[in-house]
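Q: One structure, pasted below without further comment.
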Amino acid sequence: MWQDMRIGTGYDVHRLADGKELWLGGVRVPHEKGAVGHSDADVLLHVICDALLGARALGDIGTHFPDTDPNFKGIDSKILLARTWDIVRADAEGGDWSILNVDTTLCLEQPKVRGIVDQMRACISEVLDLHIDRVSVKATTTEGLGFVGEQRGVSAHAVVLLVR
Ligand code: MG
């Protein structure tokens, strides 16, 4: 049925600091701290970018959108995700790729995001033009342990499966 399948994973961390906005999965999350980064520091969208690129062995988000490039300063990571998917989807060998599913885990202590994961899924679904049933966002704390538990940072993991 499928000629080819590829799997990719992504992992990313951003520091949390006072006076920054917190963007997760394309959604602005009200919180006293926000994530620090060259872009809008949306860790969840970044790991999806990396998983997509990884599935095609096309490097990582830093390869395509260097954090030394002023064009990407403060950029909305939804734009990075859309551009990443454009890069990954097309294959010179012929036959564009489709995403079978995306599964993600967000690791943060505060705030609780369970009530807004469906907004994040809807946003990712829209950017990737993928049915929301194929987009999973899970969230966990680390039980107060490590940099996530101490609320010094936020991390995320993603897995994607591509087919054509
Ligand atoms: Mg990042």
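Since every read-out is calculated from the coordinates, none of them should be taken as a lab result. As the structure is a prediction and not an experimental result, all values here were calculated from the model. Reconstructed Cβ throughout: ideal geometry from the backbone, glycine too, with neighbour counts over all protein chains shown.
Q: Hey, among the residues in the stretch 1-30 that are surrounded by fewer than 18 Cβ atoms within 10 Å (Cβ to Cβ) and within 12 Å of the chain's Cα centre (by Cα), which one's nearest to the ligand (Cβ to nearest atom)?
A: This residue is 13.
Q: Moving to a separate point now. Please state which of the following conditions residue 121 fails to meet, knowing it meets all the rest: (1) surrounded by 18 or more Cβ atoms within 10 Å (Cβ to Cβ); (2) under 19 Å from residue 53 (Cβ atoms).
A: (2)
Q: Being within 17 Å of residue 108 (Cα to Cα), buried (at least 16 other Cβ atoms within 10 Å of the Cβ) and free of Cβ contacts under 8 Å to residues at least 60 places away in the same chain is the filter here; which residues of the stretch 124-140 pass it?
A: Matches in the stretch 124-140: 136, 139.
Q: Then there's this: Assess whether residue 59 counts as being exposed (fewer than 14 other Cβ atoms within 10 Å of the Cβ) and over 16 Å from the mean Cα position of the chain (by Cα). Please lay out each step first, then the result.
A: Values: exposed (fewer than 14 other Cβ atoms within 10 Å of the Cβ): yes; over 16 Å from the mean Cα position of the chain (by Cα): no.
Spelling it out, it is not the case that residue 59 is exposed (fewer than 14 other Cβ atoms within 10 Å of the Cβ) and over 16 Å from the mean Cα position of the chain (by Cα).
Q: Would you check if there is a residue in the stretch 77-92 being free of Cβ contacts under 8 Å to residues at least 24 places away in the same chain and among the β-branched types (Val, Ile, Thr)?
A: So far as the stretch 77-92 goes, yes, one or more of its residues are free of Cβ contacts under 8 Å to residues at least 24 places away in the same chain and among the β-branched types (Val, Ile, Thr).
Q: Considering only residues of the stretch 54-67 that are more than 16 Å from residue 78 (Cβ to Cβ) and hydrophobic (A, V, I, L, M, F, W, C), which is farthest from the ligand (Cβ to nearest atom)?
A: Here is the first cut: in the stretch 54-67, the ones more than 16 Å from residue 78 (Cβ to Cβ) are 54-60, 62-63, 66-67.
Within this subset, residues satisfying the condition of being hydrophobic (A, V, I, L, M, F, W, C) are 55, 57-58.
Numbers: 55: 18, 57: 20, 58: 17 Å.
Result: 57.
Q: Residue check: is residue 75 more than 16 Å from the ligand (Cβ to nearest atom), more than 20 Å from residue 137 (Cα to Cα) and among the β-branched types (Val, Ile, Thr)?
A: Taking the combined requirement at face value, the residue does not satisfy it.
Q: Also, quick follow-up: Any chance the stretch 31-40 includes a residue that's away from the ligand (no atom under 16 Å from the Cβ) and farther than 23 Å from residue 152 by Cα?
A: The answer is no, given that none of the residues of the stretch 31-40 is away from the ligand (no atom under 16 Å from the Cβ) and farther than 23 Å from residue 152 by Cα.
Q: Now a separate question. Taking the residues in the stretch 34-85 that are touching a helix residue (DSSP H, G or I) at 6+ places or on another chain (Cβ under 7 Å) and of a type in the set (S, T, N, Q) as candidates, determine which candidate is farthest from residue 161 (Cα to Cα).
A: Top of the filtered list is 39.
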